[in-house]
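Throughout, read-outs are computed from the coordinates displayed, never taken from laboratory work. No experiment lies behind these values; they were computed from the predicted model shown. Quick reminder, even Gly has a Cβ in these numbers, built from the backbone with ideal geometry, and neighbours come from all protein chains shown.
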Amino acid sequence: MIPLVLCVGATREFIRAGAASVRAVDRVDLDIAPGEFVAIEGPSGSGKSTLLGLLAGIDQADGGSVTVLGHDIARLSPTERARLRRSAMGVVFQAFGLVDSLSAGENVALPLALDGASVAERLGRAADALTEVGLDGFDTARIDELSGGERQRVGVARALIAHPSLILADEPVGSLDDENASQVLDLLEAASRAGGASLVLVTHDPQSAARADRRVRMRDGRLTPEGIAT
Amino acid sequence: MNIGVHIWQLMNRERRRTLAAAAGVAIAAALMMSVVLFGSASGTTVTRRALADLPVDGQAILAPGADSAAATALLVADPTVRSTQPFDVVHFDGATLSKAGSATQTSSGVLVGVGPGFQDSTGLFSLSAGRIVPGQIVVSRDLATNLGLTPGDSARFLLAGGQSADLVVSGIVDITGADLILGPVDEAHRAIAANPPVNVAVTDLTTLAKLAGQIPAGAVASDPAAGANTGNSASPVLAPEPAVLHEILLRYDDAQLPGNPGDAKVWLDGVRRRIERVGAGTITIADDASASLEPVAADLAWGQVLFVFLALPGVALALALSRFAAESSAEATRGYASLLRARGASQRQLVSLFLGTTTLTAVLGAVIGAIVGTGLAFLVFGSELGAANPLVTILGGFALTVLLTTLLATLAAAQPLRDQLRAELVSGRQELGRLRPPLWQRLYLDLLALVAAGAVFWLVGGSGVHPVLNAEGNPTVTLALTSFVAPFLLWIGGTLFLLRLTVRLLSRGPLTPLLERLFGPGGDVAGRSLVSRAGAASRAIVLLALAVSFATSTLTFEATYRQQQRVDAGLTLGADLKAVPTTVVDASAAATVTGPGVTVASPFVDRVVYVGSEAQDLLAIDPTTLPHVATLSDSFFQGTTAVGAMGALASQPDAIFVSAETAKDYSIVPGDRIRIRIPDAHGQLREVDFHMAGVALEFPTAPKDAFLVANLDYVARQTGDPAISFVLAASSGDPSAASLGQRLGSGWTVSDLGSVTARLANSVTSVDLGALVTLDVGFAILIASVGVALFLLAGLSERKRELATLAAIGADPAQLGALVAAETTVVGTAGTAAGILTGGLVGVTLLGILAGVFDPPADVPNVPVAAVVAVILAVIVGLLLANVVATRTMRRIDVLAALRER
């Protein structure tokens, strides 16, 4: 099977003024099959989020290659990378990543707005997406009126609205209580399973990682042997 | 907690915030410093202006019997004296003329004796008619009119002591500008503004010495044209002046004169005391220069208020910029305050820390700004500044600027700082104090100020400044502070009203659909974002509007000021250019003047003629070409238009327009025949008949009351004298006396509007506002650009996480750029449009300040469209730069790091 994501020797190095450079991602080899749920585990500072950024095309590898949906990320222009994210990926953040000046519905509709969908179409689909995550009728709600769990569900709805092939979730439940965390993970897992989308979950929580089809572990920018073997 | 260390750490930690706030204060300080220095430099200008038209700086009056040569040597030895001219005066008690069996007589006056170089040295006593003949006299127009004198007549003068002298008249002399040396010389007479004599005869020193010899020693003038002439019964009884006065007129070395009128007066006083001490018992000085500077100090104060007023909005704007910078860093301040509080800092310590940081930042900005302002001042008007005792001025200005801007900037930043600390204390991220409108909105102070501005403009409009003549006959102005009230209130009210309006409009989000249509998805996000940031966006719009308004109103004021200067000059010079031949030429010489740079030229005759016994100016013109070179207004004529008047002179060669005074004195009406005596080429008077065509109230080159306007060709034919006085010309571009003079060669003397403008200007209007306006407009553009850049950058800083989110979910660089561009467009368009509108209104109210300074006053403001468009283009360039800076900053955002921020 052709992998949806393929990293070969992917490396990301940060140069800090007055200090030695740091390899946040060090020669990582990773492939993810379509529909596969992969959890990337590791302590803080191990390079999990940096790796996720490379997969999303938000950041670029200094060495090796990252291929997503057959596209070598390094060969894409910034605009092409943005379009790939918009059309094929859904991203969920620990800090929700919502735009405070927009309503819940408008936040969910943002990927469609960026794709040029009409106001009616995008708000209609946003309402449906909110219903799917259990926030029926929350379209016009202001972000600062929502609880943490509700905010993250808005974030999940936004990630799913364009029916992505790849869902990237960076510590999506790190700020939530157990109940809300469980609900959000349920939503992501269900969406992945139902839509056939691959799900990459970055977490330091073993319980969350346990839900994945495959768990990989990172330390000091590298995938550890036990992680690769899982 | 060591506050000093923390202040330093905070400034370092928030380096960008510190620099932004300091930049705002620096702009304010630079503007203030340059205005202070402009005020000093303008002191030099008005001092030079006040002394430029003085024929002499001082009069050394010799004691009876004093040796004139020894006194001259003593005066020349003084390092401040540049040149001397002997000047003797003999008062006469009356004069008579017996001619053709009838006798006329007039009252007292003066006979003056001058040396051969007197006219060249002082510019006084230019010959209007006839010629100068040794042993004979040339008489003032009043004396000629009073006695009915014409060249060739012999007048008898009754001298003090009972002797009389018969003197032959060889010409008419213009005594304009000579009041100072013809009037009384003692302080007491000058103090009551005694009138100078109008019956004046000028002769050579030798002839006058003979007359003086006939007067007994100690004789006094019977009526020295003083005291009795004032018409003030409460005036003290003054001792009469001596009948004979020997004077030496003095010119000082201008280069040694301090620029400030006050300092110049002190310097002149010192010179007077020194000369009087050295020549004790021989010389007394009448300090004419010092007397002329008397009203200048007051004028300068008026001017400096005007300069400060013109620049005040700029200073206020720059301080607003500083405050804006403080507000822009609210998030950072709150964050740092939370950190320190967590480490145990008390509220008092926090206040001390942030206030100390703000003050230190303000001092830093003020010092940098004052240095920059000094540099700019030397760059733009350094030559005037050099004479104004620059070191003292700069040090004083520096201290004032740094103190004032630091104080104002600290006060301006104090409130947002307090809000930030309070907000941090209560909820961390909620903006307090925004929940209910500010006090001025609740009290409707904006609307009240606008209504008051309208009322004040209506009540006192046009009465701001009044020109008056001082005792020495110099034009001066008096200040009515009310003239500043209307523009000030309009500015304040307009600003606040604009703020109210934009907040209300933006918070309703009407722009979102339009922005989405124009800028795509980025525009949609920008529109929605503007709703939530309505307060900050409104402040940016108002800042930009005020900067544009400041530039527009200042430019309009200056253009109107310059226009009125030229209108004044145009009326006096007659046209763009005036070429006076140094030899006798006829009307065909006008063709010589026409050529490159000159489109039309018109010959002109200005000759002294006699209506009855009264000497008047006859202006003989070419009615076909004159309307193309001179501005002829319908208001110049009574009962006809300018075109009608020129048509009458062209179709009826013997037509003549007379002054209203002449028509009244001689009871003549249009159609009546008038016989006028006009000198021919040999100076003989010939009687020429005219028909009155109408009344002329004003005419180019003829600011005087009594004059006549006739057809040049007719006058030449009737007198057999084709000679013209000068040629008036219209230029195709900027009139330049130098270029025309170069083309015409040494046979002509050419003057242009620029030189006349400078000569006519009174003390305040002599100041060239161009330099100040250049500075003001430059700062306005800078403030507009920096203000918008700050708004955009603050927006980016506040919304870093939002922008990172947009990038992460697939917004491409163009869409993110469109977001910034949409915000720039909204702020730029609204700010510029509102700025032009309020600038226009403030410009109109500023006209009130000009009313009375110029005659005629400006009816409508002169909007310099090209300059305003240039300012708008400069602002647009500034906005584009701000946009580029913001876009580049946005692209440098670390998306992953921003997304991890909470």
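Assorted remarks:
- Amide proton proximity set for B:Ala693, modelled H, under 5 Å, gap of 5+: B:Ile656, B:Phe657, B:Val658, B:Gly671
- Ratio of the Cα radius of gyration of region A:83-194 to 2.2 N^0.38 Å, where N counts its residues: 0.96
- Once divided by 2.2 N^0.38 Å, the Cα radius of gyration of region A:16-115 becomes 1.24.
- For B:Leu619, net neighbour charge (Lys/Arg +1, Asp/Glu -1) across residues whose Cβ lies under 10 Å away: -1
- Its residue count N sets the reference 2.2 N^0.38 Å, and the alpha-carbon radius of gyration of the protein assembly as shown equals 1.34 times that reference.
- Principal axis extents of the C-alpha atoms in region B:511-627 (largest first, rounded to whole Å): 85, 34, 23.
- In order along region B:347-352, the phi-based Karplus estimate (6.51 cos²θ - 1.76 cosθ + 1.60, θ = phi - 60°) of 3J(HN,Hα) comes to 4, 5, 5, 5, 4, 4 Hz; Gly and Pro are listed as x.
- Reported value for chain B: 208 Å³ per residue, from the convex hull of its C-alpha atoms.
- Size estimate for region A:133-205 follows the Kirkwood approach: the inverse of mean 1/r over distinct Cα pairs works out to 12.6 Å.
- Cβ-based exposure ranking for B:Tyr714, B:Tyr252, in which fewest neighbours within 10 Å come first: B:Tyr714, B:Tyr252
- Convex hull volume of region B:115-182 per residue (C-alpha atoms, cubic angstrom): 107 Å³
- Angle between chain B longest axis and helix B:865-891 axis [Cα atoms, degrees, rounded to 10]: 20 degrees
- Distant-in-sequence amide contacts of A:Val25, defined by a placed amide H-H separation under 5 Å and a gap of 5 or more residues or a different chain, comprise A:Arg12.
- Summarising the amide proton neighbourhood of B:Asp153: residues at separation of 5 or more, or on other chains, whose placed amide H is nearer than 5 Å comprise B:Val169.
- Under the Karplus curve 6.51 cos²θ - 1.76 cosθ + 1.60, θ = phi - 60°, whole-Hz ³J(HN,Hα) for region B:27-42, x wherever Gly or Pro sits: 5, 4, 5, 4, 5, 5, 4, 5, 5, 4, 5, 4, x, 5, 5, 5
- Sites B:Ala103 and B:Lys210, calculated FRET efficiency, Cβ-Cβ separation with R0 30 Å, nearest 0.05: 0.75
- Each part reduced to its alpha carbon centroid, region B:830-846 and region A:128-192 end up 51 Å apart.
- Degrees separating the helix A:178-195 axis from the principal Cα axis of chain A, which is the longest one: 80 degrees
- Nearest 10 degrees, 0 to 90: helix B:642-651 Cα axis against chain B principal axis: 30 degrees
- Averaging the Cα positions of each part gives two centres, and for region B:6-50 and region B:655-727 these lie 61 Å apart.
- In this simple spin-label model, placing a label point 7 Å from the Cα along the Cα-to-Cβ direction at both B:Arg675 and B:Ala66 gives a separation of 5.3 nm.
- Working note: Debye formula, equal point scatterers on the alpha-carbon atoms of region A:58-130, no solvent; log10 I(q)/I(0) at q = 0.11, 0.21, 0.23, 0.27 Å⁻¹ is -0.36, -0.98, -1.07, -1.24.
- From helices alone, the protein assembly as shown scores -17000 deg cm²/dmol at 222 nm; the rule is -39500 (n - 2.57) for each run of n ≥ 4 DSSP H residues, then divide by the residue total.
- Sequentially through region B:176-184, phi angles give Karplus couplings (6.51, -1.76, 1.60; θ = phi - 60°) of 4, x, 9, 3, 4, 8, 8, x, x Hz, Gly and Pro residues having no value and appearing as x.
- Fewest-first ranking of B:Ser68, B:Ser121, A:Ser21, B:Ser785, using other Cβ atoms within 10 Å as the exposure measure: A:Ser21, B:Ser68, B:Ser121, B:Ser785
- Cβ-based exposure ranking for B:Ile492, A:Ile73, in which fewest neighbours within 10 Å come first: B:Ile492, A:Ile73
- Stokes-Einstein D (µm²/s) once Rh is taken as the Kirkwood radius of chain A over alpha-carbon pairs, at 37 °C in 0.692 mPa s: 183 µm²/s
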